[in-house]
Amino acid sequence: MLLVLVVLLSAVGNVLLSVGMKHVGAVDIRSLGALAAAGAAAAISPAVWLGIGSLLLFFIAYLLLLSWADYSFVSPVTAFGYVLVPLLGWGLLGEQVSPLRWVGIAVICVGVGLVSGTPPRTTAPVPMLDEEEGR
Amino acid sequence: MARLAFGIAIVVLAGTGGEIAVSHAMKRVGEVTTLNARTILRAITRAARLPSLWIGIALMAAAFFALLAVLSWTEVSFAIPVTALSYVVGAFGARVFLGEQVNGLRWLGVALVCAGVALVCLG
């Protein structure tokens, strides 16, 4: 459940940020004035703020996930986002997906499947925070 | 070239180091398995008191700025696939520093994810 949320939030957040920043246009990082103008344009973009909000929620969900699951389990499994983003672009926006990218998507799916087959936690558990509430 | 290799090393090592430090902090907070607002708030405030959380966030920020620098030196299609190495380095670090047991199946999965992410970014 939390795992699904983490993958979805990171994918949605990155897509929103990229949509927002495409609107702002290419940023010339050598000129302070252009940098400030781009920052101001980004700051009034709803897509950029929604993207930042999604990524903030993603980070909190990611932290909660790490409170019980192995890092070596969570990190490869969340790479599923790399599958979701091109698939969303292909299905919803009609974007082209190159053959090399399809191969990559298939390879990630197999890898995530293998990691999912291992126990999520291999270290000694700590007391559940949920259970301490009543004390 | 040496500058680029150094930059990529910082991206990968500071990035995975940061995530490992953050994992270390969260393992001390206690397990959160329900999405209950009070429990989440307690977990976050407890985590915020742990130095390893802030060390982790600082390392992740350093990796982000190193990535920006690397992207200004080379093409995205080269830089991003190389950073997919983080999955392998991360699994290794989790074993050494967090005592996680990475079995053969997990190693194989991590290697495939690393290769797949590189392919998706190249494609």
- Item | Unique residue being free of Cβ contacts under 8 Å to residues at least 24 places away in the same chain, farther than 25 Å from A:Val83 by Cα and of a type in the set (Asp, Glu) when the list is B:Glu100, B:Glu75 | B:Glu100
- Task: Could you identify the single residue in A:Val27, A:Val48, A:Val97, A:Val77 that is at pLDDT below 90, aliphatic (A, V, I, L, M) and within 30 Å of B:Ala111 (Cβ to Cβ)?
- Result: A:Val97
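Here is a yes/no grid of residues against (1) of a type in the set (A, V, I, L, M, F, W, C); (2) without any contact (Cβ under 8 Å) to a residue 12 or more places away in the chain; (3) in contact with an Asp or Glu (Cβ under 8 Å, 6 or more places away or on another chain); (4) not assigned by TED's automatic domain parsing to the domain that holds A:Ile105:
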site: A:Val27; (1), (2), (3), (4): yes, yes, no, yes
site: A:Leu32; (1), (2), (3), (4): yes, yes, no, yes
site: A:Leu35; (1), (2), (3), (4): yes, yes, yes, yes
site: A:Ile44; (1), (2), (3), (4): yes, yes, no, yes
site: A:Gly51; (1), (2), (3), (4): no, no, no, yes
site: A:Phe58; (1), (2), (3), (4): yes, no, no, yes
- Given the conditions (1) more than 19 Å from A:Ile108 (Cβ to Cβ); (2) modelled with pLDDT of 90 or more; (3) not acidic (Asp, Glu), and given that B:Leu68 satisfies all but one, which numbered condition is not satisfied? (2)
- Checked against (1) farther than 14 Å from B:Glu19 by Cα; (2) of a type in the set (A, V, I, L, M, F, W, C); (3) surrounded by 17 or more Cβ atoms within 10 Å (Cβ to Cβ), B:Trp73 satisfies every condition except (3)
- Query: Residue check: is A:Ser54 buried (at least 18 other Cβ atoms within 10 Å of the Cβ), in contact with a strand residue (DSSP E or B) (Cβ under 8 Å, 6 or more places away or on another chain) and among the polar types (S, T, N, Q)?
  - Reply: no
- Name every residue in segment A:1-51 that is more than 14 Å from every other protein chain (Cβ to nearest Cβ) and of a type in the set (Val, Ile, Thr), in order of residue number. A:Val12, A:Val15, A:Val19, A:Val24, A:Ile44, A:Val48
- Hey, any hits in segment B:55-69 for a residue that's in contact with a Leu (Cβ under 7 Å, 6 or more places away or on another chain) and over 25 Å from A:Ser72 (Cβ atoms)? no
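Going through segment B:42-81 one residue at a time, which ones are more than 13 Å from chain A (Cβ to nearest Cβ) and not in a helix (DSSP H, G or I)?
Result: B:Arg49, B:Thr74, B:Glu75.
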- Message: As an exercise: evaluate A:Val85 against (1) farther than 26 Å from B:Ala94 by Cα; (2) of a type in the set (A, V, I, L, M, F, W, C); (3) not assigned by TED's automatic domain parsing to the domain that holds A:Ser98 and give the number of the one condition it does not meet.
- Response: (3)
- Is it true that some residue in segment A:59-71 is assigned to a helix (DSSP H, G or I), among the hydroxyl-bearing types (Ser, Thr, Tyr), within 14 Å of chain B (Cβ to nearest Cβ) and surrounded by 14 or more Cβ atoms within 10 Å (Cβ to Cβ)? yes
- Item | Close pairs (6 angstrom Cβ cut-off, 6 or more residues apart or separate chains): farther than 17 Å from A:Leu3 by Cβ and at the interface with another protein chain (Cβ under 7 Å from one of its Cβ atoms) in segment B:17-41, in a helix (DSSP H, G or I) and basic (Lys, Arg) anywhere | B:Val29/B:Arg46
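The values are calculated or read from the model by the stated rules, or taken from the named source; none is laboratory data. Not measured: the values here are computed from a predicted model. Note: ideal-geometry Cβ built from the backbone for every residue, glycine included; neighbour counts use all protein chains shown.
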